[in-house]
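> There's a structure below that I have some questions on.
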Amino acid sequence: MNIHSKRIAVLGGGNMGALLAKGLVASGNYAPEHITVTRRNIRLLDALAKDGFHVTDNNKVAVASSEIIVITVLPQQLNKMLDTIKDDVDPEKHLIVSIVSGVSGHDITSRIGKEVQVVRAMPNTAIAVRESMTCIATGNASKANMELVKQLFDTVGETIEIHEELITSATALCACGIAFFLRSIRAASQGGTEIGFHAAEALHMAAQTAKGAASLLLTQKTHPENEIDKVTSPKGCTIAGLNEMEHFGFSSALIKGIIMSANKAGGLYTEDK
Ligand SMILES: NC(=O)C1=CN([C@@H]2O[C@H](COP(=O)(O)OP(=O)(O)OC[C@H]3O[C@@H](n4cnc5c(N)ncnc54)[C@H](OP(=O)(O)O)[C@@H]3O)[C@@H](O)[C@H]2O)C=CC1
Ligand SMILES: O=C(O)[C@@H]1CCC=N1
């Protein structure tokens with residue numbers, strides 16, 4: 001079975017919901033008329049409607065006209081939203097894909113009161129440029145449905161399957177990770193401005209340098225320290241700068257931030273109940 005022929009409901013057309021809908025169409029594998037996007041403030045979906053997507057503030061209508069239900073509301077909005085669709089979800093017809101942080105597949109089936117198949121997916125905002133690192137996991141979906149969901153997210157980046165207990169860790173490393181790397185690039189550009197470049201050129205130079213560093217690892221499959229060793233000339237300026245950063249806790253700050261985000265992600269749903 002091919003997922004590209006299925007109709008998709010994106011429930012919660014905010015940042016991620018809208019980016020996902022647009023990314024799927026940009027991939028060339030989905031037509032906008034096969035995708036229905038919902039949110040309560042429907043005026044904010046005007047741009048998507050202009051692009052040919054179905055838009056509605058009625059989740060029941062979206063669910064009735066789709067086979068794949070992608071849930072993209074905030075954790076604290078989930079229960080109210082699920083209550084609007086639980087009578088319409090049909091385990092024989094629907095597959096649920098949830099990108100909601102901190103919410104297990106079991107939390108969703110319990111709230112709906114039906115053993116519908118649920119796949120959790122953790123993409124990041126780079127779906128906008130089809131460069132997401134998306135992790136998928138499930139407690140109850142079939143192999144065939146996992147393959148369908150992989151096909152869906154493969155169109156907006158790279159997808160890997162992980163165990164469900166690691167999806168919170170994937171949230172911190174990959175979903176929050178976009179912000180961490182962006183802040184690093186921003187900080188590098190601020191350093192660049194202080195040593196002589198205009199802000200815009202410093203930002204461009206820092207971003208392209210970061211892209212080059214990531215590409216070295218992804219294409220050469222080497223370890224970062226091997227690549228760092230090639231940059232650090234003896235008694236040179238790179239090792240001087242790198243050691244200064246480490247004295248100020250560069251690696252430690254990133255590691256501690258990722259652990260903090262993972263701990264927070266794990267509690268996003270329960271702390272709001
Ligand atoms: N932002 C990110 O980088 C990532 C986020 N996530 C997860 O994705 C989810 C969405 O995050 P994000 O896009 O940033 O959040 P947003 O707040 O931008 O989007 C949530 C959307 O849900 C809509 N919504 C709320 N209640 C309902 C409802 N009952 N029916 C229909 N729509 C509803 C809201 O619009 P309105 O108020 O108009 O209804 C809002 O636009 C979260 O669970 C987050 O954990 C996962 C990976 C990355
Ligand atoms: O900050 C958040 O809670 C969401 C989940 C991962 C990225 N953004």
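> Want the number for THR219 to THR270: 0.36 nm per residue separation, take away the alpha-carbon distance, what's left?
Going from the current span to full extension adds 14.3 nm.
> For the stretch 87-242, with every protein chain kept in place, what is the accessible area per residue (1.4 Å probe, Å²)?
Normalised by residue count, the accessible surface of the stretch 87-242 is 57 Å².
> Considering only protein heavy atoms and a 1.4 Å probe, what is the carbon-and-sulfur percentage of the accessible area of the stretch 47-93? Show your work: numbers first, answer last.
Numbers: 1150 of 2340 Å².
Ligands and nucleic acids excluded, carbon and sulfur reach 49 percent.
> Please name which of VAL103, PRO32, MET146 has its Cα lying farthest along the dipole of the stretch 3-167 towards the positive end, using unit charges on Cβ (Lys, Arg +1; Asp, Glu -1) and the Cα centre as origin.
In the stretch 3-167, that residue is PRO32.
> Mind checking which lysines have their Cα closer than 16 Å to the Cα of LYS256? Skip sequence neighbours fewer than 8 apart in that chain.
Hits, sequence-local ones excluded: LYS264.
> What whole-number distance in Å separates the alpha-carbon centres of the stretch 217-273 and the stretch 77-111?
36
> Sticking with this structure for a sec: Can you order the peptides 49-59, 21-31, 210-220 by their average number of other Cβ atoms within 10 Å per residue, highest first?
Values: 49-59: 16.8, 21-31: 18.7, 210-220: 11.6.
Highest-to-lowest ranking by the protection proxy: 21-31, 49-59, 210-220.
> Right, next: Please give the contour-minus-distance gain from GLU201 to ALA31: 0.36 nm per residue of separation, less the Cα-Cα distance, rounded to one decimal in nm.
Additional length available on full extension: 57.5 nm.
> Using a Förster radius of 45 Å, what is the FRET efficiency between ALA49 and GLU227 based on their Cβ-Cβ separation? Nearest 0.05, please.
For ALA49 and GLU227, the calculated efficiency is 0.45.
> So if I take the alpha carbon set of the chain, get Rg, then get Rh from the Kirkwood formula, what is the Rg over Rh ratio? Each step should come with its number before you reach the end.
Working: Rg = 21.0 Å, Rh = 20.4 Å.
Reported Rg/Rh (Cα atoms, Kirkwood Rh): 1.03.
> Okay, moving on. Just order 9-19, 180-190, 222-232 by mean Cβ neighbour count inside 10 Å, highest at the front, would you?
Highest-to-lowest ranking by the protection proxy: 9-19, 180-190, 222-232.
> Looking at the square roots a ≥ b ≥ c of the eigenvalues of the Cα gyration tensor of the stretch 177-269, which shape do they give, rounded for a/c under 1.5, prolate if a/b is larger than b/c, or oblate?
In terms of gyration-tensor shape, prolate.
> Among THR209, PHE250, PRO123, pick out the residue whose Cα is farthest towards the positive end of the charge dipole of the chain, where Lys and Arg carry +1 and Asp and Glu carry -1 on C-beta, about the Cα centre.
About the Cα centre, the residue reaching furthest to the positive side is PRO123.
> Here's a follow-up. Enter the Cα centre distance for the pair the stretch 131-152 and the stretch 176-200, rounded to the nearest angstrom.
Cα centroid of the stretch 131-152 versus Cα centroid of the stretch 176-200: 34 Å apart.
> Follow-up. Helix 250-266: angle to the longest alpha-carbon principal axis of the chain, degrees 0 to 90, nearest 10?
The angle comes out at about 10 degrees.
> Only helical DSSP H runs with n ≥ 4 go in: add -39500 (n - 2.57) per run for the chain, normalise by residue count and round the 222 nm mean residue ellipticity to 500 deg cm²/dmol. If you can, show how the numbers build up before the last one.
On the way: 12 runs with 131 residues, N = 273.
Calculated mean residue ellipticity at 222 nm is -14500 deg cm²/dmol.
> If I compute solvent accessible area with a 1.4 Å probe over the protein chains, what percent of it on the stretch 177-269 is carbon and sulfur?
On the way: 4630 of 6980 Å².
That share works out to 66 percent.
> Under 17 Å from the Cα of LYS60, which aspartates and glutamates turn up, not counting those fewer than eight places away in the same chain?
Reachable aspartates and glutamates: ASP83, ASP87, ASP88, ASP90, GLU92.
> Return the aspartates and glutamates within reach of LYS22: Cα separation strictly under 19 angstrom, same-chain partners fewer than 8 residues apart disregarded; answer none if there are no such residues.
Qualifying aspartates and glutamates at Cα under 19 Å: GLU33, ASP46, ASP51, ASP57, GLU67, GLU131, ASP154, GLU158.
The values are calculated or read from the model by the stated rules, or taken from the named source; none is laboratory data. All of these numbers come straight from a predicted model, not from anything done at the bench. Using ideal geometry, Cβ is built from the backbone for each residue, glycine included, and neighbour counts are taken over all protein chains shown. The protein model used for the area step is the full one, side chains on, heavy atoms only, and it has no ligands, DNA or RNA in it. Shrake-Rupley method; radii C 1.70, N 1.55, O 1.52, S 1.80 Å.
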